[in-house]
Amino acid sequence: MNPHVLILYLRLPPGSSSEDVQGLVDRVIRPALTALDDAPAVRAGLVCPGEVLNALESEAPAVLADLRERVGDGRLEALATALYEPLFGDIPEEDAVGQVQAHLGQVRQRLGVRPRGLALPWMAWCEVAARVAVRCELDWVLIPEVQGVVSVEHEGSAVRGLGCATIAPHGVLDDRFASVIDLGALGWHAIDQTAREWFAHTLGALASTRLPSESVDAGLPAPRVVRIGTRPGALYRDQWPSSELLHQRVIATSQLVARMARESENLDGPEIDPVTVVQAQRYLWRSQAGDVFVEGDEGGIRSGRQRHRAWRDVLRAERLAMDGLRASRRAGATPVDLDGDGVPEVILRSPDASVRIVPARRGALASFTHAHAALQLGGLPRRTRAEWEAALRSDPTDAPLPGASGEYAASQIIADSVKRRQLYDALREDVDGRVSFDDRFLHAEASLDRFESAELGPTTTGLDGPWEVEAVERAGMAARCVLRARGTFHEGDDSWPVEVSKRYTLRGSELELRYEVQNQGLGVLRTRLLLPLDVSLGPDAEDCELRYGDAVVPLLQTGDRADVQRMAVAGPAGTLTVSSDSTVRLWHHPVTTVHRARGEMTSTVQGVCLGAVWLLQLWARETAAITLKMSFEPS
């Protein structure tokens, strides 16, 4: 492929602050445009997703006008992409088409042209891209790691493809591929001065370049035909299943929004405002943004801001769709196998809230969402600092990037993408998010410190497997689920068979848990029962506080308090109140995870874990019953 094809990819996560936008403009866009001015023979493709275009229009209109001028005179060629950069393989095709069409409209409005080519978000190939390009009347699509100009086909839809490779800062261009330079990549932020010098040096070394569409046109009339499936590992959600809880909600909401859109065109159906349909689609599409599903430089699901933003958007879309379909006025209880493990989860829904119960994980509570506040109050991600540090120790390439200003030899640079991949592989065991009401019988040596560091060892057998679901039912305005399991509690050389049941009842925005345990052995069972509950009221835990008795403490504080019967977590979004029918010992600690943000390890306080501890003493065949109630009141 000669002359070379260069494509510049700008990126900005949804919900970015004005400071983030200014950083993109000052550290990325302006230096890149300066480098292009210094290399007048270089022309390039340009990928500007919807968030970038929106941000530039509001925060940097002069920069947007400069880009429009360069597109107009042929120095840059605008490419289409999906509006909020989802992973095509993780969303329904109709949503992918809708996002591309919406982005085409924005590019036409803000840059003055209709693109001919499609750049896949995150350069993650999915075979449905061919059909999306055809349906959106685009001439060609970028295909990662394929050489030259080809023709790609999927289920009868054929489109031309331009082979490309993503080049990290300090990488070497390869004339066999179009070079996609991700200007939002980690290296650009972490070593921005040397990255800028590398970029300017690379452009200056190019004798000439060809715009992407010119290269595609030059590959006619008979490009070779290739068939590419969705490549293993290309879909980041498969690599990081801790975001699966959110993804399943996104897919279910997509079906609701699509149904509302169809009903809005049905003259015999409910009257639905077209503006409501458009607003629900925009919320849904924002929740599909790949940044929260990609375990990358900005934290993905472990970034509190990104996680709350995605959940807020999907819950707003869900609420609009259910209101439009008149479907949110009744309680509901539904068993459905969402994760494909053969054990159905249970969804309880009311007009105000919904919960997800996982029988396969001790009948635990996986999520508690409030519809009106658009909040996911639980379902926090996992990864402790100790797990991160253990992964670092197992990664021999974890070292600062070498190379001083002006050094461009690839052999002298440790590719940061390789280093990150090895680190991520070491953390692959972190596949499940945290759950609540994951009951534990405690040994005598159990302590708050061991609880906080997740060092409470197993004390029972038989209770970790799938629990039996006895009932899933709706009664008036309440939805109910009853689960039961039998197992054995072990303490030293002694053991006691036990039978445990949980009854969840959702009524309005109040969730009630009735927990019963029966000693089925002959001796006296003496133990402590722990029921943990994760709570998050927003991305900024510093703005929230924990209240119990006469105490008011910040969420960042760890504590141990006896004789507590009522507790509350309060923040700007509202107050979650938890009460027990008897006094408990309360253990509490912040839920802190770590992720990599712009090259550095960053701690994030996701919320607080409340551990309610009861002292149990049960004679043979005696049963103890405990009732917990939790409700959320929006501000």
- On full extension of the chain, what length is gained from Val275 through Arg514, given 0.36 nm per residue of separation minus the C-alpha to C-alpha distance? 81.7 nm
- Using the Karplus equation 6.51 cos²θ - 1.76 cosθ + 1.60 (θ = phi - 60°), what ³J(HN,Hα) coupling, rounded to whole Hz, does each residue of segment 102-113 give in order, writing x for Gly and Pro? 5, 5, 4, x, 5, 5, 4, 6, 9, 10, x, 9
- Note on the structure: Heavy-atom accessible area of segment 32-72 with neighbours in place, 1.4 angstrom probe: carbon+sulfur share in percent works out to 48 percent
- Item | Carbon/sulfur fraction of accessible area - segment 504-635, other protein chains in place, 1.4 Å, % | 45 percent
- If R0 = 41 Å, then Ser447 and Glu57, at their Cβ-Cβ distance, give a FRET efficiency to the nearest 0.05 of 0.15
- Message: Rolling a 1.4 Å sphere over the protein heavy atoms, what is the accessible area per residue of segment 528-635, to the nearest Å²?
- Response: 41 Å²
- Over segment 1-157, what is the percentage of antiparallel beta bridges among all DSSP beta bridges, to the nearest 5? 10 percent
- Item | Carbon and sulfur %, accessible surface of segment 305-369 computed with the full protein complex present, 1.4 Å | 50 percent
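Please calculate how many Å² of accessible area segment 63-201 carries per residue, with a 1.4 Å probe and no DNA, RNA or ligand atoms counted.
Accessible area per residue, segment 63-201: 32 Å².
The values are calculated or read from the model by the stated rules, or taken from the named source; none is laboratory data. Please read all numbers here as calculations on a predicted model, not as lab measurements. Every residue, glycine among them, receives a Cβ derived from its backbone with ideal geometry; neighbour counts consider all protein chains shown. Surface accessibility is based on the protein's heavy atoms, side chains included, excluding ligands, DNA and RNA. Shrake-Rupley method; radii C 1.70, N 1.55, O 1.52, S 1.80 Å.
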